[in-house]
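What follows is a single structure, written as structure tokens, with notes after it.
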Amino acid sequence: MADELFEAARDAAAKAHKPYSNFPVGAAIRTPSGAIHTGCNIENVSFPEGWCAETTAIGHMVMAGENMIAEVCVYAPEGPRTTPCGGCRQRLREFGSADTKVHLCDATGVVETITLGDLLPAAFDMDET
């Protein structure tokens, strides 16, 4: 199932608007219903006012009426693997759990699967505030 998310994230990265960094990123979220929502990074000349691939995918998920993340895949063709930035880690945690799987990819596919709790061990959590 991670391969399907990888392909969706890779396809999303191909749509990235990245004229300043030239660093495309794609993200694919699977919800408990099985639906997949994708996003790419969209840069803006007024840095840092653009948004990340994960943020875009979350926006598509919410607009589709869903609010839970079962797993997420992050793809960037450059480098060995790309992890979500700190802000996106917290955004993912808003809709996921510490056990949510995060698949990290390189140009060839998934190279590591970790949990959101491993990525953000001290996340803000409304249940704990």
> Does the stretch 39-97 come out rounded, prolate or oblate, given a ≥ b ≥ c as the square roots of the eigenvalues of its C-alpha gyration tensor, rounded meaning a/c under 1.5 and, failing that, prolate meaning a/b above b/c?
Replying inline: oblate
> How many angstrom separate the Cα center of the stretch 62-129 from the Cα center of the stretch 34-53?
Replying inline: 14 Å
> Do any GluC sites (Glu not before Pro) in the stretch 38-78 lie in a DSSP loop with no more than 13 other beta carbon atoms within 10 Å, and if so, which?
Replying inline: GLU49, GLU78
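What ratio of Cα Rg to 2.2 N^0.38 Å holds for the stretch 2-122? Can you show the working numbers first?
Working: Rg = 12.9 Å, N = 121, 2.2 N^0.38 = 13.6 Å.
Normalised Rg, Cα atoms only: 0.95.
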>> Cut-off 10 angstrom, C-alpha nodes, Gaussian network model of the chain. Which of ASN67, ASN41, ASN22 fluctuates the most?
In response: ASN22
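Using the Cα centre as the reference, give the magnitude of the dipole from point charges on the C-beta atoms of the chain (Lys, Arg: +1; Asp, Glu: -1; all else neutral), rounded to the nearest 20 debye. Mind dumping the intermediate values first?
Details: 9 positive and 18 negative charges, 59 e Å.
Rounded to the nearest 20 debye, it is 280 debye.
A short reminder: the numbers here are calculations on the coordinates, not readings from a lab. All values derive from a computational prediction rather than experimental measurement. No Cβ is skipped: glycine too gets one built from the backbone with ideal geometry, and neighbour counts run over all protein chains shown.
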